[in-house]
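Notes follow the structure.
The values are calculated or read from the model by the stated rules, or taken from the named source; none is laboratory data. Source: prediction; values computed, not measured. Methodologically, a virtual Cβ is constructed for each residue, glycine included, from the backbone with ideal geometry; neighbour enumeration extends over all protein chains shown. We work out accessible area using only protein heavy atoms, side chains counted, and drop any ligands, DNA or RNA first. Shrake-Rupley method; radii C 1.70, N 1.55, O 1.52, S 1.80 Å.
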Amino acid sequence: MAILPILEAPDPRLRVKSVPVEAVDDDLRALIADMFETMYDAPGIGLAAIQVGVPKRVLVIDLQEEEGEDGKPIRKPQVFINPELSEPIRELRTYTEGCLSVPDQFADVDRPAEIRARWLDGDGVPHDERIGGMLATCLQHEMDHLEGILFIDHLSRLKREMVLKKLEKARRQRKAA
Ligand code: GNR
Ligand code: NI
């Protein structure tokens, strides 16, 4: 297992369209294990393979919404291989999104509140479910990554350029420190 470096905007590799997974094999399972380790370490609630430089249609998500008696979040790791979305409902849900590839920047994004998703899990078993709530928001954010889309692409050009400028400035300050 390994914590992998996360690509950050404006890295052009984040704009690549990811290709379908052909086989759920040991190599893929090793990548998925590294993606979870990287996501929990960041920490984040989701990660697409392209964020660690692998242009394959694989996502990991763990919303960690519930807390145990010790107050620590309960892990509920979910793997989505070759996910497909359909039947978005018209109602939108607004959420203040962030992205590990656009660190420390947050902005409101509207997305369909509920969708239907089909995917393979980490064992290669197919699923077909209607999904709402935070999982719908996160899954759509992650699936955008598979198309080379970042959450800032949903903002106005002015807002997007402001975010990218702030990101550049934060990077400069990090280097100077
Ligand atoms: O950790 C993350 N938090 C988050 C918050 C709101 C909407 C989407 C996300 S996903 C993000 C991790 C990430 O960048 N995944 O691609
Ligand atoms: Ni992201």
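Per-residue answers, yes or no, for (1) free of Cβ contacts under 8 Å to residues at least 60 places away in the same chain; (2) in contact with a Cys (Cβ under 6 Å, 6 or more places away or on another chain); (3) within 13 Å of ligand 1 (Cβ to nearest atom):
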| site | (1), (2), (3) |
| --- | --- |
| Val79 | yes, no, no |
| Ser86 | yes, no, no |
| Gln105 | no, no, yes |
| Asp110 | yes, no, yes |
| Gly124 | no, no, no |
| His127 | yes, no, no |
| Leu146 | no, no, yes |
| His154 | yes, no, yes |
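What are the pairs, 6+ residues apart or on separate chains, where a residue within the stretch 36-63 that is within 13 Å of Leu146 (Cβ to Cβ) has its Cβ under 8 Å from a residue that is in a helix (DSSP H, G or I) and among the small types (Gly, Ala, Ser)?
Final answer for the pair search is Pro55/Ala49; Lys56/Ala49; Arg57/Ala49; Val58/Ala49; Leu59/Ala49.
Would the stretch 49-57 turn up any residue that is of a type in the set (Gly, Ala, Ser), modelled with pLDDT of 95 or more, surrounded by 13 or more Cβ atoms within 10 Å (Cβ to Cβ) and not in a loop (DSSP other than H, G, I, E, B)? Walk me through how you get there before you give the answer.
Pass one, the stretch 49-57, residues of a type in the set (Gly, Ala, Ser): 49, 53.
Filter once more, keeping what is modelled with pLDDT of 95 or more: 49, 53.
Retained after the next criterion (residues that are surrounded by 13 or more Cβ atoms within 10 Å (Cβ to Cβ)): 49, 53.
Of the ones still in play, those that are also not in a loop (DSSP other than H, G, I, E, B) are 49.
Yes, there is a match, as at least one residue in the stretch 49-57 is of a type in the set (Gly, Ala, Ser), modelled with pLDDT of 95 or more, surrounded by 13 or more Cβ atoms within 10 Å (Cβ to Cβ) and not in a loop (DSSP other than H, G, I, E, B).
Can you say whether Lys17 is touching a Leu at 6+ places or on another chain (Cβ under 8 Å) and within 16 Å of ligand 2 (Cβ to nearest atom), as far as the supplied structure shows? Full working, then the answer.
Details: touching a Leu at 6+ places or on another chain (Cβ under 8 Å): yes; within 16 Å of ligand 2 (Cβ to nearest atom): yes.
Spelling it out, Lys17 is indeed touching a Leu at 6+ places or on another chain (Cβ under 8 Å) and within 16 Å of ligand 2 (Cβ to nearest atom).
Note down all Cβ pairs under 9 Å where the first residue falls in the stretch 16-28 and is part of a helix (DSSP H, G or I), the second is not charged (D, E, K, R), and they're at least six residues apart or on different chains.
If the second residue must be not charged (D, E, K, R), the pairs left are Leu28/Val21; Leu28/Val58; Leu28/Ile81; Leu28/Gly122.
Working carefully through the options Glu168, Glu129, find the one that is charged (D, E, K, R) and in contact with a Lys or Arg (Cβ under 9 Å, 6 or more places away or on another chain).
Glu129
Being aliphatic (A, V, I, L, M) and open to solvent by less than 30 Å² (accessible area, probe 1.4 Å) is the filter here, so list the residues in the stretch 107-128 that pass it.
Within the stretch 107-128, the first condition is being aliphatic (A, V, I, L, M), and the residues that meet it are 107, 109, 113, 115, 117, 120, 125.
Correct list: Ala107, Val109, Ala113, Ile115, Ala117.
Could you pull out the residue among Gly132, Gly98, Gly124 that is small (Gly, Ala, Ser) and at positive phi? First the steps, then the outcome.
Values: Gly132 fails: at positive phi; Gly98 fails: at positive phi.
None of the others qualify; the one that does is Gly124.
How many of the residues in the stretch 85-105 are within 12 Å of ligand 2 (Cβ to nearest atom) and more than 14 Å from the chain's Cα centre (by Cα)? Reasoning before the result, please.
Let us first name the residues in the stretch 85-105 that are within 12 Å of ligand 2 (Cβ to nearest atom), namely 97-103, 105.
Still in the list and also more than 14 Å from the chain's Cα centre (by Cα): 105.
Of the residues in that region, 1 qualify.
For the stretch 62-84, what are the residues that are within 16 Å of ligand 2 (Cβ to nearest atom) and not in a loop (DSSP other than H, G, I, E, B)?
Selection gives Gln78, Phe80, Pro83.
Could you run through the stretch 129-177 and say how many residues are within 16 Å of ligand 2 (Cβ to nearest atom), open to solvent by 20 Å² or more (accessible area, probe 1.4 Å), assigned to a helix (DSSP H, G or I) and farther than 14 Å from Tyr95 by Cβ?
Adding up the residues that qualify gives 4.
When you scan the stretch 84-102, how many residues do you find that are farther than 14 Å from Thr137 by Cβ and crowded, with 16+ Cβ neighbours inside 10 Å? Lay out the reasoning, then the answer.
First pass over the stretch 84-102, keeping only residues farther than 14 Å from Thr137 by Cβ: 84, 86-87, 90, 100-102.
Still in the list and also crowded, with 16+ Cβ neighbours inside 10 Å: 100-102.
Going through the stretch 84-102 one residue at a time, the tally reaches 3.
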